[in-house]
Amino acid sequence: MPEPIKGQRLVALFLLGCVLFNYPLLSLFSQNGILGGIPLLYIYIFITWLALIGLMALVIER
Amino acid sequence: MLQGWIIFLISLAYIGLLFAIAYYGDKRADAKRSLSSPYIYALSLAVYCTDWTFYGSVGRAASTGLGFLPIYLGPTLMAALWWFVLRKIIRISKANRIVSIADFIASRYGKSTTLGGLVTVIAVIGIIPYISLQLEGVSTSFTLLWRYPELVPPQSGVIGVLSDTGLYVALLLATFAILFGVRHLDAAEHHEGMVAAVAFESVIKLLAFVAAGLFVTFGLFDGFGDLFTQAAANPDLKALFTLEGTGGGYGGWFGLIFLSMLAIMFLPRQFQVAVVENVNEQHLPKAIWLFPLYLLAINIFVLPITFAGLLLFPHSTVDPDTFVLTLPMAYGQDILTMFVFLGGLSAATGMVIVETVALSTMVSNDLVIPVLLRWEGLRLAERQDLSGLLLIIRRSAIVVIVLLGYLYFRLTSDLYPLVSIGLVSFAAVAQFAPAILGGIYWKGGTRSGALTGLSAGFLVWAHTLLLPSLAESGWLPLSIMEPGPFGLSWLKPYELFGLSGWSPIPHALFWSLLVNVLGYIGGSLLGRQSVLEHSQASLFVDVFKRSGEGSQINLWRGSASVTDLRMLLGRFLGPGRADDLLSEYARQRSLNWTEVTNANAELVNYAEKLLAGSIGAASARVMMASVVKEELLNMGEVMGMLDETIAYSRQLEQKSQELEAATAELRAANERLQELDRLKDDFISTVSHELRTPLTSIRAFSEILFDNPDLDANRRSQFLSIILKENERLTRLINQVLDLSKIESGNAEWYVSEIDLIEVINESLQTTSQLFTENEIDLQLDLPDSVPPLVADRDRIKQVLLNLLSNAIKFCDHSAGWVGVRLQVKEEVIQVDVSDNGPGISEANQRIIFDKFRQVGDTMTEKPQGTGLGLPISRHIIAHFGGELWVTSTLGRGATFSFTLPLEPPLGWQNGAAEIGQSDTNIVVRSELLGQEFGDQRVASHRTQTGEQN
């Protein structure tokens, strides 16, 4: 894959992460919900975080 | 059982292991079989996770739930931008042998010593709380462990300095840092051994933390679900499940993400491992996702450990900052406890080693050396070998920095949780962001802008974060906090300018970065860059557009001797190493040092970079200036060079314009030549035609006479007369052609004397009087009594007059012919008009009658009345004497031919003419021709002899 495209995709992921980890999306999950015994917010944050890293790895390694 | 001495021994053994790893790493690097890999690089970046992460995260989670997490989300997001930003910084640093963040900023803004010093001061003051955090972490964990298996919270209150474990920890860490980090002198060289040890420590701390987490989650509880379900039963704990329950709000959350994004780039130790220690730029891409993954892994168990601690130690006898250690302790897990302790130790030592190495480089290169070099009393510049001194400075700097950390720890210990201390440092290094990010993307950033921004940001930081911590620890009066310094409420550190409702860190970050950015941009836009700043700016911003180190702009000129350079390098790098490096340089370029005595710009540049690796860009600049004969060009000289260039390009432009003009002239000349060629062809064909007509008639009549010998005498005489006339015409024509060509080519002879024009006119009229009589033409004369004498060729002027008169006679009205001759003396000229009452000449014909062989009327149908050469010849003659010949006529109302001759002859022709005039033979030849020259046959018989002309 051409190098500049990789950089642009990473910037896009950066912007996506900025949105996902901030108000107002964060507030949607900041509730007293429990999923499998684990608070919803914790699940959301860690899953999103992991997914973001996975996408970054995908962009770089592919 | 964990005895104190066992803990001590294990700790020593662990540190010994780290040394072994470092030693091995250095050996491998020396043998060119580097250990470095993307994985080592990513793990070394994890030096970001210190005791703050290891112990402090849990402490912060205990009070704010997810509030510990932005510190790791920010770097994750930032990692995505590394592709552009960090790669650029790495490339720039490698090209310029940058050894620290202070070096980077100083180098970018014109290798400014002041700026480097300021950055160093900010970094040292800003990082000291952070180092104290590590001391506190290690000291607390050690104290706790010392009492094992009892679980006794560390005593609060005043402890004697000598009985304070913190001091010993500080000294231990300092020793460690000295042994690890400052073995080489060249700070730009990679400390691969140190990086390997740091990477190993990163593995240990991750494993230790995960092990503790697994034990707590699955050993003490029945997995995540069980743990959180139990916590949910407690309303206090349940509040931690959401962001709303934790205070700070989304603004604070975002502020921390932003802050940590800047910290991951600009913390001195992160700059050290990510940029200075980067062996290969290709390691970066993998680290972009491996490093965030590490952060994720080390944070998974923070919340479980937090809740477990809060559930199991309900009465807050245990500091949440120590849960990671105290939980295994409380449940008798000897090995795990020890492992966790080593993890914490790893986190702290890794941070302190890298941080102090980075800071000591900055302190020595950007603070101490510049001062020492300028301190003339020391005569430092004259000492032969300074490499030993450099090492001493760096090592002392490490000890001083760690001890300052300890001092801060003593002053503020127990007041703040670990994370809050660290965030103060984050906010300090965030001040570097505008100068660095602006510096690598905006060429307009100037030294004064960076100085203004950094100073302003640092002052606000000190006011809003450092001051409160000192006040609360009792070293400054508490009145600073409330009602504010000097009683001014708008200066309250936590509510600057009345901005209330913000937590301290985002509040400080906002104000400090605001004034910083404003100062940077404002200072840059208002000030001007020096030449060096300008060249450095383009070097930094356009780093990807340049191919390697060689193509840097060289605004340097002058000379330095190789010997001087060698001595200079020797003083700072050690003589042996300097020789090695110069030999290497010579080998690469096939140079022989015995032949090269003067260094060129490239060598000076090379030496400066070598020196920069050792003592920093700013100091290297100063040192090079001491051996290089001529300094960097100043603005005036650059403008001078620019002017020369502009002048040169103007000359070029002018030359090219001249060339264009010359080309145009040549083209015109060529066109003229072609035109002349065409005219010549026309002329030849016309002459041939004109010659053939009389020849044909001569031949025709001759044949008749030859074929008819019995022709009657009357006819014979008639034919012979025609032959004779045609013959005369032919002769006249040829004479005129010859005459014209002589005049045109400038070979004609001129006989010049003073003449009286009235006399010449009367002679011409006498010559033509018979024609007037024959044709019954009325002659009107208008001559003055006398005219001033003219200098001209009498015969030639007469030739012109005869031509005009014969033409007038020829073309005037046949029934009532009239010809007028008029002579006027004007201001500078004498004008002669010859008028007739003939049919006149149309305007179109007025132009062409002066051309050769052009006559009014159709020569094909009418019998030609002349040769068509009279007027061209006349015009040439008049022009030769500086006069003009022209015609005025209206169709049907006659024509007037006029010519003028100047009273004062034009300069230049008289001498040459007089010369020719002495040659009598020529006059005779010319006079022979003269008689043949006139248009009408009837004139031809009136031969003019030379004798008549005198």
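Observations, loosely collected:
- For residue B:738 and residue B:713, the FRET efficiency from 1/(1 + (r/R0)^6), where r spans their Cβ atoms and R0 equals 35 Å, is about 0.40.
- Each of B:734, B:288 has some number of other Cβ atoms within 10 Å of its Cβ, and from fewest to most they run B:734, B:288.
- Net lengthening on full extension, residue B:222/residue B:545 (0.36 nm per residue, minus Cα-Cα): 110.5 nm
- Packing order of peptides B:231-238, B:650-657, highest average first: B:231-238, B:650-657 (average count of other Cβ atoms within 10 Å over each peptide's residues).
- Amide H within-cut-off set for residue B:778, under 5 Å, with H built and near neighbours excluded: B:817, B:818, B:819
- Highest-first arrangement of B:341-354, B:32-45, where packing means the average Cβ count within 10 Å: B:341-354, B:32-45
- Proxy reagent accessibility, fewest Cβ within 10 Å first, across B:315, B:463, B:191: B:315, B:463, B:191
- Unit Cα scatterers, Debye sum, the range B:4-430: log10 I(q)/I(0) for q = 0.11 Å⁻¹: -0.81
- Peptide B:297-304 - average C-beta neighbours from other chains (10 Å radius): 2
- In this label model, residue B:831 and residue B:654 are separated by 4.6 nm, measuring between points 7 Å along each Cα→Cβ vector.
- Neighbouring partner chain Cβ atoms per residue of B:287-293, average, 10 Å criterion: 5
- For the range B:49-88 versus the range B:693-772, the gap between their alpha-carbon centres in whole angstrom: 120 Å
- Interchain or long-range residues, amide H under 5 Å from residue A:34's placed H: A:40
- Each of A:42, B:441, B:585, B:109 was scored by other Cβ atoms within 10 Å of its Cβ. Listed from fewest to most, they are B:441, B:585, A:42, B:109.
- Phi to ³J(HN,Hα) by Karplus 6.51 cos²θ - 1.76 cosθ + 1.60 over the range B:451-457, Hz, x for Gly, Pro: 4, 4, x, 4, 5, 4, x
- With K and R counted +1 and D and E -1, the other residues having a Cβ less than 13 Å from that of residue B:890 yield a net charge of -1.
- Long-range amide H partners of residue B:830 with built H, under 5 Å: B:901, B:903
- Sorted on the mean count of surrounding Cβ atoms within 10 Å across their residues, most packed first, peptides B:669-678, B:723-732 read B:723-732, B:669-678.
- Short to long, the 10 Å bins of the Cα pair-distance histogram for chain B hold 2, 10, 15, 14, 9, 5, 3, 3, 4, 6, 7, 7, 6, 5, 2, 1, 0, 0 percent of all pairs.
- Take each residue in B:69-79, count the other chain C-beta atoms within 10 Å of its C-beta, and the mean is 4.
- Spatial separation of Cα centroids for the range B:337-371 and the range B:392-470, in angstrom: 15 Å
- Estimated purely from DSSP H runs of n ≥ 4, each contributing -39500 (n - 2.57), the mean residue ellipticity at 222 nm for the protein assembly as shown is -21000 deg cm²/dmol once divided by its residues.
- Global size of the range B:399-495 as Cα Rg and Dmax, reported in angstrom: 16.1, 46
- Three principal axis extents describe the C-alpha atoms of the range B:1-150; from largest down they are 59, 46, 32 Å.
- Using only alpha-carbon positions in the range B:799-848, the gyration tensor eigenvalues give semi-axes of 21, 15, 10 Å once each is multiplied by 5 and square-rooted (largest first).
- Cβ-derived FRET efficiency at R0 51 Å, residue A:12 paired with residue B:592, nearest 0.05: 0.40
- Relative to the compact-globule estimate of 2.2 N^0.38 Å, the Cα radius of gyration of the protein assembly as shown comes out at 1.78.
- Fraction of antiparallel bridges per DSSP, the protein assembly as shown only, in percent to nearest 5: 85 percent
- Reachable lysines from residue B:680, criterion Cα separation under 24 angstrom, eight or more residues apart if same chain: B:742, B:852
- q = 0.16 Å⁻¹: log10 I(q)/I(0) that the Debye formula gives for the range A:3-61, counting C-alpha atoms only: -0.56
- Shape category assigned to the range B:636-716 from the gyration tensor of Cα positions, a/c cut at 1.5: prolate
Read-outs: derived from the displayed coordinates by stated rules, not from any lab. All values derive from a computational prediction rather than experimental measurement. Cβ: placed from backbone, ideal geometry, glycine included. Neighbour counts: every protein chain shown.
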